[in-house]
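See below for the structure under consideration.
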Amino acid sequence: QVQLVESGGGLVQAGGSLRLSCAASGSIFSINSMGWYRQAPGKQRELVARITSSGSTNYADSVKARFTISRDYAKNTVYLQMNSLKPEDTGVYYCNMRRRDSYNYWGQGTQVTVSS
């Protein structure tokens, strides 16, 4: 069993920064990637950023140059540094871990609210 525990969400003014953390525990093996998704009210969950086991990253176009994903392999933790936040970044942010067989684990989500 794998558990993903997110932290770091909150309320911030536009232009501010937040850093999200996701700590993974349990039977962690055959992991392909870890990443962050977000879901705004009334919208579908969307990929924000992903980092593979080899360190390759990809980002949603809307967050490129503002957000940075990183991973501490020793701590089984993935981070999302969010700078220059905009009101449209508001939503619930979910940590994701994907196994090589494409099975997905999800965290419980952390709320990010950006005020204008």
Given (1) modelled with pLDDT under 95; (2) open to solvent by 40 Å² or more (accessible area, probe 1.4 Å); (3) not aromatic (Phe, Trp, Tyr), identify the lone condition not met by ASN58.
(1)
Which of the residues spanning the stretch 29-52 are in contact with a strand residue (DSSP E or B) (Cβ under 7 Å, 6 or more places away or on another chain), open to solvent by 50 Å² or more (accessible area, probe 1.4 Å) and modelled with pLDDT under 95?
SER30, ASN32
Exactly one of these conditions fails for TRP36: (1) touching a helix residue (DSSP H, G or I) at 6+ places or on another chain (Cβ under 8 Å); (2) closer than 13 Å to VAL112 by Cβ. Give me its number.
(1)
Could you list, in sequence order, all residues of the stretch 84-116 that are part of a loop (DSSP other than H, G, I, E, B) and more than 26 Å from VAL12 (Cα to Cα)?
ARG100, ASP101, SER102, TYR103
Could you say whether any residue in the stretch 11-22 is among the hydrophobic types (A, V, I, L, M, F, W, C) and without any contact (Cβ under 8 Å) to a residue 60 or more places away in the chain?
no
Across the stretch 15-28, what is the number of residues that are closer than 23 Å to ASP61 by Cα and either surrounded by 14 or more Cβ atoms within 10 Å (Cβ to Cβ) or under 11 Å from the mean Cα position of the chain (by Cα) (or both)?
6
Which of (1) open to solvent by 50 Å² or more (accessible area, probe 1.4 Å); (2) small (Gly, Ala, Ser); (3) at pLDDT 95 or above does ALA74 not meet, given it meets every other one?
(3)
Here the qualifying pairs (Cβ atoms under 8 Å; residues six or more apart or on different chains; first in the stretch 24-37 and part of a strand (DSSP E or B); second open to solvent by 10 Å² or more (accessible area, probe 1.4 Å) and among the acidic types (Asp, Glu)) come out as TYR37/GLU46
Could you tell me which residue of the stretch 99-115 is nearest to GLU6 (Cα to Cα), considering only residues that are open to solvent by 100 Å² or more (accessible area, probe 1.4 Å) and touching a strand residue (DSSP E or B) at 6+ places or on another chain (Cβ under 8 Å)?
GLN108
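The values are calculated or read from the model by the stated rules, or taken from the named source; none is laboratory data. Just so you know, these numbers come straight off a predicted model, no measurement behind them. Every residue, glycine as well, gets a Cβ built from its backbone with ideal geometry; the counts of neighbours run over all protein chains shown. Ligands, DNA and RNA are stripped out before the accessible areas are found, and what is left, the full protein with its side chains, is counted by its heavy atoms. Shrake-Rupley method; radii C 1.70, N 1.55, O 1.52, S 1.80 Å.
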